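A.B. asks: Pasting in a structure now, in structure tokens, and then I'll have a few things to ask.
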Amino acid sequence: MKYEKEINRRKTFAIISHPDAGKTTLTEKLLLFGGAIQTAGAVKSNKIKKHATSDFMEIERQRGISVATSVMTFEYENTLINLLDTPGHKDFAEDTYRTLTAVDSVILVVDSVNGVEEQTRRLMEVCRMRDTPVIVFINKMDRDGKNRFDLLEEIEKELRISLHPMTWAINSGKEFKGVYNLHEKNLRLFTASTKAEEDDTIAISDLSDPLLDTKVGDRDAEQLREDVELIDGVHGELNVPDYLSGKVAPVFFGSAVNNFGVKEMLDTFIQIAPTPRDRETSVRKVSVDEDKFSGFVFKIHANLDPKHRDRIAFMRVCSGRFERNKYYHHVRLDKDIRFSNPYSFMARSKDVIEDAYAGDVVGLFDTGNFKIGDTLTEGEDFFFTGIPTFSPEIFKELVNKDPMKTKQLEKGISQLTDEGVAQLFTQFGGNKKIIGCVGELQFEVIQYRLLQEYGAACEFRAMPFYKACWLTSNDQKKLDDFLRFKQQNSAEDKDGHPVYLAQSEWFLNTEITNNPDIQFHFSSEVH
Ligand code: GDP
């Protein structure tokens, strides 16, 4: 195991949350601890404001920010942490899902006032598909939030994960007094602070200590004693293997904007969060500590300058060491490529790197060689698996407005779908091109980019579909008959896989019942 030392000091994770729960704020505090930034306010929100959905400057601004903050690398207590950013806007949820395939664990931020929200639920579903270890940060304790026990119950029930409180909040809102660390058995009193170093905890090993009453008041001290008794009775010590297998999530309470409760979480994170994990491929399991390099592309970003069509492919290194200027095998294209300017992403600047290890994310300049899910190796033929595509939610027919530019349009749409901006389906029989997206915003992005980058004008025509299901069957004839019979609703995806486009849940359920020999899948692997 040549690179064991390097690989074992790496932790690669993402912060996920419903918009506004505090992801950006927490990111910034973590970077402060890691010394990657010196002042608060340095991390810009990558959010697209709601009113700005048609504002292309806003989209461009967002694209600029999200490249710069795509991967934030910092060191804390000898641990090298790669924090992968995920887009906040719901319309870019697919991007987030794919980023989750490149991390080894996540921190989930929940707003203590709003509890579990729509995006929280969906993101957790994706985490569950891969048994990703989760740490929960309950944010905004300085606001009058829900009762803590109710909140835990809600999260457990809605997200179907067992929780294990690591700290416990003493009150909330104006009365928020601080957090008691159930494991370290100390108290941290609430102060709004933006400095990273402060470490003013008060050791309270025995909860009957009158010091507790002096510090938080009789009533809250008594309540804390009662709460802790209840929690201890239920939970005991955290079972780390259960956390690592995604069954139990440690929970921390805090206030990101006040940098409160964040250090407790970070200290636990570097102790228990997984180092880069082994990964399944189409052929065998690849172990992170293999000497040979392997990696896969999970995200592609178009160049900000529309005059240059080159792109940045984000590659997660899965095993061994990646080196600049060395030839690697692009499995899908069966071709060897080398990269003269691979770069690492920092909070603000991009640096060309000489090498990278399993767990790292490298930015590769791409002139159209990559699509999402592509695997690079030192020669072996396999694909990393478990990179899902989900059903889009809005479907529209792509209408060419300028027949002279048909080639450009086709090239553009092919590249944009390789990037994962949208999914392309071709209707059987009719040959209509159907674009599927998660949100309306993406249609605007596509139209704008096709025109700007490829000179192709297009229009979209609404189609009455609500979901795409990928079809498989052991009985090829039955599948072919079904596709022929349901021509209006049948299409193939970009990789030629058959898809059923359902008008409504009722139609879908009817077809599922009527066709027991055909399996309807709500997600597909990218290969
Ligand atoms: P994101 O959409 O999840 O990235 O959320 P942001 O980090 O941008 O936070 C959304 C809003 O919540 C901002 O106005 C923050 O200042 C605010 N916020 C974040 N953390 C806290 C907190 O602990 N308490 C309070 N009261 N507000 C917070």
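A.B. asks: Amide H to amide H under 5 Å from ASN186: which residues, 5+ apart in sequence or cross-chain, H placed 1.01 Å off N in plane?
C.D. replies: For ASN186, whose amide H was placed from the backbone, the distant partners under 5 Å are ASN181, ILE204.
A.B. asks: Next question, about the same structure. Could you give me D for the chain, from Stokes-Einstein at 4 °C and 1.567 mPa s, where the hydrodynamic radius is the Kirkwood radius over C-alpha pairs? Units µm² s⁻¹, please. Don't skip to the end; give the middle numbers.
C.D. replies: Numbers: Rh = 24.7 Å.
Reported coefficient: 52 µm²/s.
A.B. asks: If amide H atoms are built 1.01 Å from N in the plane of the peptide, which residues on other chains or at least 5 residues away come under 5 Å of the amide H of PHE253?
C.D. replies: It is ILE138, THR167, by chain and number.
A.B. asks: Further question: Of LYS405/LYS494; LYS263/LYS299; LYS23/LYS177, which pairs sit farther than 27 Å apart, going by alpha carbon to alpha carbon? Present the calculation step by step, with values, prior to reporting the outcome.
C.D. replies: Numbers: LYS405/LYS494 21 Å; LYS263/LYS299 30 Å; LYS23/LYS177 23 Å.
As for pairs spanning more than 27 Å Cα to Cα, those are LYS263/LYS299.
A.B. asks: Something else now. Using 7 Å Cα-to-Cβ label points, what is the ASP310/GLN503 separation (nm, one decimal)?
C.D. replies: A separation of 5.0 nm, rounded to one decimal place.
A.B. asks: What lysines sit close enough to LYS2 to cross-link, taking a C-alpha to C-alpha distance under 25 Å and skipping anything fewer than 8 places away on the same chain?
C.D. replies: Within reach: LYS11, LYS285, LYS292, LYS326.
A.B. asks: When each pair of different Cα atoms in region 201-321 is counted once in the 1/r mean, what is the Kirkwood radius in angstroms, to one decimal?
C.D. replies: On the way: mean 1/r = 0.0511 Å⁻¹.
About 19.6 Å, per the Kirkwood formula over Cα pairs.
A.B. asks: Continuing with this model, one more query. At a threshold of 8 angstrom on Cα-Cα distance, excluding pairs fewer than six apart, so keeping six or more, what relative contact order does region 73-223 reach in percent?
C.D. replies: Details: 170 pairs, mean separation 20.5, N = 151.
It comes to 14 percent, rounded to a whole number.
A.B. asks: Taking the alpha-carbon centroid of each part, what is the distance from region 93-150 to region 232-253 in angstrom?
C.D. replies: Between the Cα centres of region 93-150 and region 232-253 lies a distance of 16 Å.
A.B. asks: Give me the percent relative contact order of the chain, please, defined on Cα pairs under 8 angstrom at least 6 residues apart. Working shown, then result.
C.D. replies: On the way: 1114 pairs, mean separation 73.8, N = 527.
The value is 14 percent.
A.B. asks: Between PHE365 and THR191, what FRET efficiency comes out of the Förster formula 1/(1 + (r/R0)^6) with R0 = 60 Å and r the beta carbon distance, rounded to 0.05?
C.D. replies: Values: r = 46 Å, r/R0 = 0.77.
Computed FRET efficiency for THR191 and PHE365: 0.85.
A.B. asks: Over region 254-343, what is the relative contact order in whole percent, taking alpha-carbon pairs under 8 Å and six or more residues apart?
C.D. replies: On the way: 108 pairs, mean separation 17.2, N = 90.
Dividing the mean separation by the residue count of region 254-343 yields 19 percent.
A.B. asks: How big is the antiparallel share of DSSP beta bridges in the chain, given as a percent to the nearest 5? Spell out each step's value before the answer.
C.D. replies: Values: 79 of 102 bridges.
Given both bridge residues lie in the chain, the antiparallel proportion sits at roughly 75 percent.
A.B. asks: In whole Hz and in residue order, list the ³J(HN,Hα) couplings for region 374-391 that follow from phi through the Karplus curve 6.51 cos²θ - 1.76 cosθ + 1.60, θ = phi - 60°; x for Gly and Pro.
C.D. replies: 5, 10, 10, 9, 8, x, 6, 9, 7, 10, 6, 9, x, 9, x, 10, 9, 4
A.B. asks: If you don't mind, there's one more thing I want to ask. I need TYR500, TYR327 ordered by Cβ neighbour count within 10 Å, fewest first. All intermediate terms of the calculation are to be shown ahead of the outcome.
C.D. replies: Numbers: TYR500 24, TYR327 13.
With the sparsest Cβ surroundings first, the list reads TYR327, TYR500.
Coordinate-derived values only; no laboratory data. The model shown is predicted, which means the values in this text are computed figures rather than measured ones. Cβ atoms come from the backbone with ideal geometry, glycine included; neighbour counts cover every protein chain shown.
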